[in-house]
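These notes concern the structure reproduced below.
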Amino acid sequence: MVENDLIVLIPTRGRPDNAVALEQAFVDTNTKAKRFYIVDFSDETKKEYTYKLPVESVIMIHNETGGMAYPLNYIARQFTGEFDNFAWMGDDHRPRTANWDELFVEQLYSGSDIVYGNDLFQGSALPTAVALSGKIVEALQGIVPDTLRHLYLDNFYLKLGQDLGKIKYMPEVIIEHCHAFNGKAPMDENYARVNAPEVYSADKAAFDNYIVSDQYKTLLTKLK
């Protein structure tokens, strides 16, 4: 695996210790992919990220939406064309399989456009941590549709991958999702905020509207 094979983006807010634990999981699994922790300038814990993590891996941005979609898209656009493949996960994911990134990249270079592993929560049902080919990022001009805020990102990848016929679930690759909803993390303000009913309803409407839009049809045409 060479330097530009894969970049991993991790939006995070108010959880520097989570980011430290994730970075240790990357080290423990011999992760070679370049990774960036995306932190909001308004985050009261932002300074903790810069002295608890390798400073070159922390990117500060202004995220007015408070969701994951905006920082993912913003940073992905900065690196479009520089990396062959992109991945993202939350600060509550933990890779457990050694060389998981190389396994994902191998599958992407073998013809799949979207690859995901077993998060020990949703399993094959949803790609909660995902890797995708750079051509998707170029065609989409981001990681996900701009109309999404935080939720239904995984639903989007599942739908896109199924429509393209180029999605691969790798159950042997464990990327554990240590989420409050499966009892592996405490419920905090961030979980409560982004999982509020109004966020669910808004993102579901945005997802439903996008997949029947001309934009989505154009995206599929570009990628097929």
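No lab work stands behind these numbers, since they all come straight from the coordinates. What you see is a predicted model, and the numbers here were worked out from it, not measured in a lab. Please note: Cβ atoms are built from the backbone with ideal geometry, for glycine as well, and neighbour counts cover all protein chains shown.
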Would you work out the relative contact order for the chain, in percent, from Cα pairs under 8 angstrom that are 6 or more residues apart? 22
Positive-end extreme of charge dipole, the chain - chosen from Cys178, Gly165, Asn118 (charges on Cβ): Gly165
So, R0 is 22 Å and r is the distance between the beta-carbons of Thr50 and Glu189; what FRET efficiency does that work out to, to 0.05? 0.55
Förster radius 22 Å - calculated FRET efficiency between Met1 and Val27, Cβ distance, rounded to 0.05: 0.90
Could you tell me the center-to-center distance, by alpha carbons, between region 90-117 and region 153-174 in angstrom? 11
Pairs beyond 29 Å (Cα-Cα), from Lys184/Lys217; Lys47/Lys159; Lys34/Lys168: Lys184/Lys217; Lys47/Lys159
Ranking Met68, Met60 by Cβ neighbours within 10 Å, fewest first, what do you get? Met60, Met68
Summing -39500 (n - 2.57) over every DSSP H run of at least 4 residues in the chain and dividing by its residue count gives a helix-only mean residue ellipticity at 222 nm, to the nearest 500 deg cm²/dmol, of -12000 deg cm²/dmol
In the chain, what % of DSSP beta bridges are antiparallel (nearest 5)? 35
How many times 2.2 N^0.38 Å is the alpha carbon radius of gyration of the chain? 0.94
Which residue fluctuates the most in the chain, going by a Gaussian network model with Cα springs under 10 Å, if the choices are Lys34, Lys184, Lys135? Lys184
